[in-house]
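> My questions all concern the structure below.
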Amino acid sequence: MERSKPTKTSKERQEKVTIYFDKRAIEEQKKEDEEIQQEELDKKFASEEKEKNVEMGKQVVTSVGNLFLSPLVLMFVWNLCIPGIFGLPVLGYWSAMGLYVVSRILLKKDD
């Protein structure tokens, strides 16, 4: 059996099959990879930033709560015990707030 001679169409096919590296395609692929990496970093940064914001929000709410609730507790405890035992006057909320602020300044408790 004889082999048939390659026809023009088979030569054209061989030429089409020839593989070569296109520098533009490689550069485009690198750019796409860099963009994907940048997007991943942005997502990671955004999630970390969100966690920091949530933590800061919790601290702010706790601090404000302590600022307004601690004098209230001080007022109730003072009014429950001190006037009956020592005969001192009853405290109002703003008096308790002043006493709380003065005690925080003098005792320097860092939260």
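Conditions tested, residue by residue: (1) modelled with pLDDT of 90 or more; (2) among the acidic types (Asp, Glu).
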| residue | (1), (2) |
| --- | --- |
| 19 | no, no |
| 22 | no, yes |
| 35 | yes, yes |
| 44 | no, no |
| 85 | yes, no |
| 108 | no, no |
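> Only one residue in 1, 56 is of a type outside the set (S, T, N, Q), out of contact with any Phe, Trp or Tyr (no Cβ under 7 Å at 6 or more places or on another chain) and at pLDDT 95 or above. Which one?
Unique residue meeting the criteria: 56.
> Kindly provide the set of residues from the range 74-92 that are surrounded by fewer than 12 Cβ atoms within 10 Å (Cβ to Cβ) and either in contact with a strand residue (DSSP E or B) (Cβ under 6 Å, 6 or more places away or on another chain) or in a helix (DSSP H, G or I) (or both), ordered by number.
Scanning the range 74-92 gives 80, 81, 84, 85, 86.
> With respect to residue 67, is the statement that it is of a type in the set (A, V, I, L, M, F, W, C), part of a helix (DSSP H, G or I), in contact with a helix residue (DSSP H, G or I) (Cβ under 9 Å, 6 or more places away or on another chain) and on the phi < 0 side of the Ramachandran plot true?
yes
The values are calculated or read from the model by the stated rules, or taken from the named source; none is laboratory data. Values in this document were obtained by computation on a predicted structure and should not be read as measured data. No Cβ is skipped: glycine too gets one built from the backbone with ideal geometry, and neighbour counts run over all protein chains shown.
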